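Taking it in order: structure first as structure tokens, then the write-up.
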Amino acid sequence: MASLSVKPGQRFTLPDWQNNSILISADAEQQRYNSHHIRQEGRALRNETGNHARWDEHNSRTQLKDRISTVDRWRETLARLLTEIELEIDALTKIKEAAENAIQAKNLCLDVAIECLTFRESRRDIDVVRDPVEEELLREVKVIEKTKKDLQQRVDDAFKQLCLLKEARQQLSSDYQHKVEALELDRQCVSFSPTSGNISFKVNPTRLPYGTTALSEWEQTSQRNKELAEGALKASVDLRGAITLTIAQTNNELDAQRIATEFALRKRIRDMEAALNELRWQEQNTLEEIAEVEEDIRQLEEEIRKRTLDLKVAHTRLETRTYRPHTELCRDQAQYGLTDEVQQLEGIIRALQQKRTQLQDTLDTLYRQLHRIQTDIGYKTNSLQLDNKCMDTRKKLVVPLEKFEPEVDAVNRTRNLPRNSQLELA
């Protein structure tokens, strides 16, 4: 007779089965609630951080634009001061040269007066008298020496002021260049966006770079450079006015008589022309040498470029051979040869670069020497023109000395000075 087979094991009751279903449903609802809550928090956080990030970026962009505006205003101020200083240096240099030429003219006057006195010492017997002519000549010597001393003092003052102007120009030029570079970098920063192709993570970007200064120090430096330049400009303008006045006064103090200096002027002109011819010959030779050095530098750079390409080939070969599989990745003769080639090429490139640096230093030295030669040619050309003008002016020596008025356009920038006709002898 068959019997019912009962599977051994635990048997749950119907309430247990129902409770398990209820528990699973409750857990599912709780998990969905928790998930919904977390999703809502994530959305809120995303909105909050997105708004905060956009505001921070907007704030940073606004601050960058404000900074660009501030630096650009300073740059315009420095550019204006640089222009004024350049004009002032040119004007003061011309008026200084005018004063030096005036001193040179006084030397001729002094030579004439002393020569006249020497001639008169040859008088004999009763004619050796202290007459009015000798008294006037002695008085003229004293006046000439006094005017030379006054003019030399003005020249020394002008030289010192030129040094101050050039120092101010150097500081302004450096500050101006720094601000131009800072503006370029800040404008580049403003142009960056999340879609820019050249953005990346940087190592410790929030560090304080070496040499970082405070904003107050930056403002003080710019203000100090501005005040230094303005002070130097004002002092130079005043000095130019004083030099112009001194030249006019000293010329009005001199007697009109000028005698027989044709020989000295012609000799001076011949010497100046010889010096100019020598300088022009030196200039031509220096220019030729500069051209040869520049050609050698170009050839060296071409050789460096070729050797660099060879080095890239060797590097690429070495890198490509690192992908050989298994035992094929061995240090064979080709590997040793490529390694030696890289080392040789690196040594060759270093030697070529060193020689290029030496040639560049030589070229810089030649350019400095060329600048010295050309500057000296300018000075001597100017002196030659002045001496030729003196030769033409000496045709008018039969009339009293004309009052001096410097032929310098920049002098008109000084305050209104009395004309020569308004100046009286001291």
- Query: What nm value, rounded to one decimal, do you get for the distance between residue 87 and residue 220 when each label is placed 7 Å out toward the C-beta?
  - Reply: 3.3 nm
- Task: Run the 1.4 Å probe and let me know the accessible area of residue 33, rounded to the nearest 10 Å².
- Result: 140 Å²
- Apply the Karplus parameterisation 6.51 cos²θ - 1.76 cosθ + 1.60, with θ equal to phi minus 60°, to every residue of the range 12-28 and state each ³J(HN,Hα) to the nearest whole Hz, in sequence, with x for glycine and proline. 8, 8, 4, x, 4, 5, 5, 4, 5, 5, 4, 4, 5, 5, 5, 4, 4
- Task: Return the FRET efficiency for the residue pair residue 298, residue 350: r is the Cβ-Cβ distance, R0 is 22 Å, and the value is rounded to the nearest 0.05.
- Result: 0.70
- Note on the structure: Once both label points are put 7 Å beyond Cα along the C-beta direction, the residue 364-residue 149 separation in nm becomes 4.7 nm
- Task: For the range 198-209, just list the computed ³J(HN,Hα) in residue order, Karplus coefficients 6.51, -1.76 and 1.60, θ = phi - 60°, integers in Hz, with x standing in for Gly and Pro.
- Result: 10, 9, 6, 6, 10, 7, 6, x, 8, 5, 8, x
- Full-extension gain in nm, residue 312 to residue 27, via 0.36 nm per residue minus C-alpha separation: 96.1 nm
- Nearest-0.05 FRET efficiency for residue 288 and residue 55 at R0 = 60 Å, using Cβ-Cβ distance, is 0.40
- Item | Neighbourhood net charge (12 Å Cβ-Cβ; Lys/Arg +1, Asp/Glu -1) for residue 184 | 0
- Which value, in Å² rounded to 10, gives the accessible area of residue 237 with a 1.4 Å probe and all protein chains present? 40 Å²
- R0 = 41 Å: FRET efficiency of residue 37 with residue 202, Cβ-based, nearest 0.05? 0.60
- Message: If I ignore ligands, DNA and RNA and count only protein heavy atoms, how much of residue 94 is accessible to a 1.4 Å probe, in Å² to the nearest 10?
- Response: 90 Å²
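The values are calculated or read from the model by the stated rules, or taken from the named source; none is laboratory data. For clarity, every value in this text was computed on a predicted model and none was experimentally measured. Here the Cβ is made from the backbone with ideal geometry for all residues, glycine too, and neighbour counts use every protein chain on show. With ligands, DNA and RNA removed, areas are computed over all heavy atoms of the protein, side chains included. Shrake-Rupley method; radii C 1.70, N 1.55, O 1.52, S 1.80 Å.
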